[in-house]
Amino acid sequence: MKLAIPRFGEQVAPCFEYSATIAIFTVERRRIVDQVDFSLQSREALDRVRLLRDQGVDTLICGGVHAFFENMLVEHGIQVISWVSGNVDDLLRQYLHGQLTSGKDRAESGPGTHTPARPVAAGEIKGS
């Protein structure tokens with residue numbers, strides 16, 4: 001399986017659409033066996049969706065993401081764990097142990113909108 005995380009240094013990038021680098025990890029038996037970093041030259045968010053689709057990514061872990069792009073990713077069969085923040089290694093460890101959940105669960109919603117209160121930090125217990 002392949003897992004992608006937009007990066008800002010060693011942290012997850014705050015916004016999927018504007019990240020300059022995305023790391024794609026190959027996971028086998030709950031272990032990272034390969035990592036490829038992509039420098040994103042295009043400013044078009046659709047190019048990021050295409051990259052993930054073309055690379056066969058199964059799951060995206062990201063900070064913020066516009067609902068339009070999240071829906072597009074899901075339509076391409078990519079699971080999205082959004083509105084998380086923290087160190088990439090910590091998020092990977094949580095994911096591999098089945099402990100990473102989307103920060104969307106903390107969202108404050110209004111009619112037809114979805115505005116997160118704040119991203120869930122790596123290591124933070126959901127619901128606290």
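The figures follow:
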| quantity | calculated |
| --- | --- |
| Of residues in region 1-30 being among the hydroxyl-bearing types (Ser, Thr, Tyr) and not in a strand (DSSP E or B), the one surrounded by the fewest Cβ atoms within 10 Å (Cβ to Cβ) | TYR18 |
| Every residue from region 28-68 that is under 14 Å from TYR95 (Cα atoms) and over 15 Å from the mean Cα position of the chain (by Cα) | GLU28, ARG29, ARG30, ARG31, ILE32 |
| Tally, over region 31-56, of residues that are in contact with a strand residue (DSSP E or B) (Cβ under 9 Å, 6 or more places away or on another chain), assigned to a strand (DSSP E or B) and of a type outside the set (Gly, Ala, Ser) | 7 |
| Single condition GLY112 does not satisfy, out of (1) surrounded by fewer than 12 Cβ atoms within 10 Å (Cβ to Cβ); (2) modelled with pLDDT of 95 or more | (2) |
| First in region 24-37 and more than 16 Å from GLY56 (Cβ to Cβ), second anywhere and polar (S, T, N, Q) and part of a loop (DSSP other than H, G, I, E, B), Cβ under 8 Å, 6 or more apart | none |
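Table: residues versus (1) touching a Gly at 6+ places or on another chain (Cβ under 9 Å); (2) at pLDDT 95 or above.
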residue	(1), (2)
ALA13	yes, yes
ALA20	no, no
ARG29	no, no
GLN79	no, yes
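The values are calculated or read from the model by the stated rules, or taken from the named source; none is laboratory data. Keep in mind the model is a prediction, meaning the values are calculated, not measured. No Cβ is skipped: glycine too gets one built from the backbone with ideal geometry, and neighbour counts run over all protein chains shown.
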